[in-house]
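*Asks:* Take this structure, written in structure tokens, and hold onto it; I'll ask about it next.
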Amino acid sequence: MWSSRLFWKLFASYTILNFLATITFVVIVSGWQKDQVVEQIKQRLHDSAALVRSDVVGILPNRPSKDLQGHISNLGQVINTRITLIAMDGSVVADSKQRTVSDVLQMENHKDRLELVQAAKIGRGSSQRVSPTLGQPMLYVAIRVGELTAPAGLVRTAVPMTTVLSEVAAVQRLIWLVAIVVSLAVVILTWFLAARVVRPVHALTTAAERIATGEYRQELFLNNRDELDGLAKSFNRMAKQLNIRETQLRESSRRLVTVLEGMFEGVIALDDREKVVLANAAAGRLLNFDPAEASGRPLLEVTRNRAIREVLALPTGEQTQHVEVELGDDQNRVVGVNAAVLSSEHATRWILVLHDVTELRRLESLRQEFVANVSHELKTPLSSIKAYAETLLNGALTDTENNRKFVTQIDEQAERLHELILDLLSIARIESGQQAFDIGAVRLCQTAKICIAANEAAAVSKEIDLVADGSPADLEVKADEEGLRQILNNLIDNAIKYSPISSTVNVLWHVENSTAVIQVSDTGQGIAPEFLPRVFERFFRVDKARSRALGGTGLGLSIVKHLAQSFGGSVNVCSQIGIGTVFTVRLPIAEA
């Protein structure tokens, strides 16, 4: 209560009003009371003058005498009032404040005194002034002796104003005392009334502060039978509704956050000033910013990418727009941005949905390159076959020296075309998952020797030694036997083709972390580092002219990669220019 501003405002306001009202009341009543006291004294003076008049009615208008002066002096002392007898011409006949007749005779003429002028005219007069004789403020009341037609003289009574003022002061002290007592009582009552008003307000304030901190289960019970009790009931209903709404909003927010955080697409909401309202984690990962720190900051400051900012410039009349933006980072990522404007909203004006289309664009590029490569690879043997066939049709059939050579070339190109088509069909079945593999335990040593025997003739023609060695000798891998032979055959065939004459091709294997590691190495010219990431792409050739001359289809290493992945393994390559190349295949070991 002591710290309540409202309490002190109410208490101070009512206390000041009370004091002002008290002072105003005292001033008004004091003035009125002063007038009443003055009137009472005037009436008393009038009554005293009337008594004196009845006593001196037969004396006036005599001249001053010692007996009259003594009588008036004694009478003035009895009634404690100054009594003055004045003739109609203004001369003083007797005065209770004078000692002797000579003193009376020395008094100045009173003809012009206001109270005497009034009494001479209307029979009664009064005034307040400083007495020239006594030198102090006096209150005078005068009455006429006799009728207006035959006045005998005037009787004047007077008292000092100090007497009047003392009586007035006594009454005012009483008034002030009563006013102060009443004011103190009102102040005490104001204290309790202000406390009674502020106490429920304080309770409402405390409950509101708790609600502001999230404590919505607040109930107020006031005994006031007034508007505050109604306010408390309304407050309780509001708290219950807030609790319900807050629960609903929290649940809705939780679901929204769950959905946003579970999305692979980035979502950014902007207000009408292009400041971030919310952003999910996917958007932060795509654009390299912290979503928690992005709220309230301009989009351009968060993303540092002007191209994304320019997406907001929608064409006239359009509500949505889709563009693709290159981020220009180390990964050369491409992001598809869908921008939508909410024309009826201000708090959330823009919605940006971001998609990482880098892989999609890469695959699209690979597809286009694949189509171009397939077309080129198919075109070469078909063109050769067509050219030789036309040559034969144009008369070369009868050329006994060359017709057999032309037919042999047609057969070679047809065989190459056949191998290419088989490889395409094989890789297509592997990628689509339609090719059924008989996955089982395959003895690696035995399969390697079979593959070496199959490539022995090609190795002998180039005087290349094929070596198969590894431990353990009885190592078995989990794979399809035919698929494993295809892997080793392709790797050994490549190693022979790109190895120099009188060199060695090694097929080695060992166990590493419960995985079988198969390495096929050669001592050829090697592969440049910039080409290593692409050697497993379809139709990719480091030296295209030499590769075609050696008769490869360009699909062997791609088939190796897909077969290894189909068996739950992987393949990679390591090479140095002028030293050689090592292909490493990792396959799971078969369970005992």
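No value in this document is a laboratory result; all are computed from the given coordinates. As the structure is a prediction and not an experimental result, all values here were calculated from the model. Quick reminder, even Gly has a Cβ in these numbers, built from the backbone with ideal geometry, and neighbours come from all protein chains shown.
*Asks:* What does the extension gain come out to for residue 398 and residue 244, with contour length at 0.36 nm per residue minus their alpha carbon separation?
*Replies:* 45.5 nm
*Asks:* Using +1 at the C-beta of Lys and Arg and -1 at the C-beta of Asp and Glu, which of 138, 207, 175 has the Cα lying farthest in the positive direction of the dipole of the stretch 104-220?
*Replies:* 138
*Asks:* Please report, in debye to the nearest 20, how large the charge dipole of the stretch 437-588 is about its Cα centre when each Lys and Arg carries +1 at its beta carbon and each Asp and Glu carries -1 there.
*Replies:* Here the size comes out at about 540 debye.
*Asks:* Past the 23 Å Cα-Cα mark, which pairs from 9/240; 497/561; 42/97; 478/561?
*Replies:* 9/240
*Asks:* In percent, how large is the relative contact order of the stretch 5-167, given Cα pairs closer than 8 Å and 6 or more residues apart?
*Replies:* 22
*Asks:* Subtract the Cα-Cα distance of residue 148 and residue 199 from 0.36 nm times their separation in residues, and report this length gain in nm to one decimal.
*Replies:* The span from residue 148 to residue 199 would gain 10.8 nm if fully extended.
*Asks:* Now for a different question. Give me the distance between the Cα centres of the stretch 474-500 and the stretch 254-299, rounded to whole Å.
*Replies:* If we compute the Cα centre of each part, the gap is 50 Å.
*Asks:* How would you classify the stretch 437-588 from its alpha-carbon gyration tensor, with a ≥ b ≥ c the square roots of the eigenvalues: rounded for a/c under 1.5, else prolate if a/b is greater than b/c, otherwise oblate?
*Replies:* prolate
*Asks:* Between residue 74 and residue 47, how high is the FRET efficiency from 1/(1 + (r/R0)^6) when r is the Cβ-Cβ distance and R₀ = 22 Å? Nearest 0.05.
*Replies:* Working from the Cβ atoms, E equals 0.75.
*Asks:* Tell me, 35, 271 in order of fewest to most beta-carbon neighbours within 10 Å?
*Replies:* 35, 271
*Asks:* Where the only charges are on Cβ atoms (+1 Lys, Arg; -1 Asp, Glu), what is the dipole of the chain about its Cα centre, to the nearest 20 debye?
*Replies:* Roughly 5080 debye for the chain.
*Asks:* Could I have the simple spin-label model distance between residue 386 and residue 460, label points 7 Å from Cα toward Cβ, reported in nm to one decimal?
*Replies:* In this crude spin-label approximation the distance works out to 4.1 nm.
*Asks:* Given axes a ≥ b ≥ c from the Cα gyration tensor, I'd like to know whether the stretch 448-536 is rounded (a/c under 1.5), prolate (a/b larger than b/c) or oblate.
*Replies:* Oblate, since a/c reaches 1.5 and b/c is not below a/b.
*Asks:* Shifting gears a bit: What nm distance separates the two modelled labels at residue 12 and residue 515, each placed 7 Å from Cα along Cα→Cβ?
*Replies:* Label at residue 12, label at residue 515, 8.1 nm between them.
*Asks:* Just to confirm my numbers, what's the Cα centroid distance between the stretch 41-90 and the stretch 112-187 in Å?
*Replies:* So the separation of the two Cα centres works out to 17 Å.
*Asks:* While we're on this one: What FRET efficiency comes out for the pair residue 129/residue 165, r = Cβ-Cβ distance, R0 = 22 Å, nearest 0.05?
*Replies:* Working from the Cβ atoms, E equals 0.90.
*Asks:* Here is a further query. How about the stretch 476-523: which trypsin sites (Lys or Arg not before Pro) there lie in a loop by DSSP and see at most 16 other Cβ atoms within 10 Å?
*Replies:* For trypsin sites (Lys or Arg not before Pro) across the stretch 476-523 that sit outside H, G, I, E and B with at most 16 neighbouring Cβ atoms in 10 Å, the list is empty.
*Asks:* Step through the residues of the stretch 297-302 one at a time and calculate ³J(HN,Hα) from phi using the Karplus curve (6.51 cos²θ - 1.76 cosθ + 1.60, θ = phi - 60°), rounding each to whole Hz and writing x for Gly and Pro.
*Replies:* Working through the residues one at a time gives 9, x, 4, 5, 5, 6 Hz.
*Asks:* If a/c stays under 1.5 just call it rounded; otherwise compare a/b with b/c (prolate if a/b is bigger, oblate if not). Do that for the stretch 263-356, with a ≥ b ≥ c from the square roots of the Cα gyration tensor eigenvalues.
*Replies:* Because a/c hits 1.5 or more and a/b fails to exceed b/c, the stretch 263-356 counts as oblate.
*Asks:* Something else: Share of antiparallel DSSP beta bridges in the chain, in percent to the nearest 5?
*Replies:* Among the beta bridges of the chain, antiparallel pairing accounts for roughly 95 percent.
*Asks:* Sequence gap at least 6, Cα distance under 8 Å: using those rules, report the relative contact order of the chain to the nearest whole percent.
*Replies:* 7
*Asks:* Next up: Relative to the present Cα-Cα distance, how much length would full extension add between residue 5 and residue 375 at 0.36 nm per residue of separation?
*Replies:* 124.3 nm
*Asks:* Under the rule that an exposed site lies in a DSSP loop and has at most 11 other Cβ atoms within 10 Å, name the longest stretch of the chain with no chymotrypsin sites (Phe, Trp or Tyr not before Pro) of that kind, not counting the sites themselves.
*Replies:* 265-592
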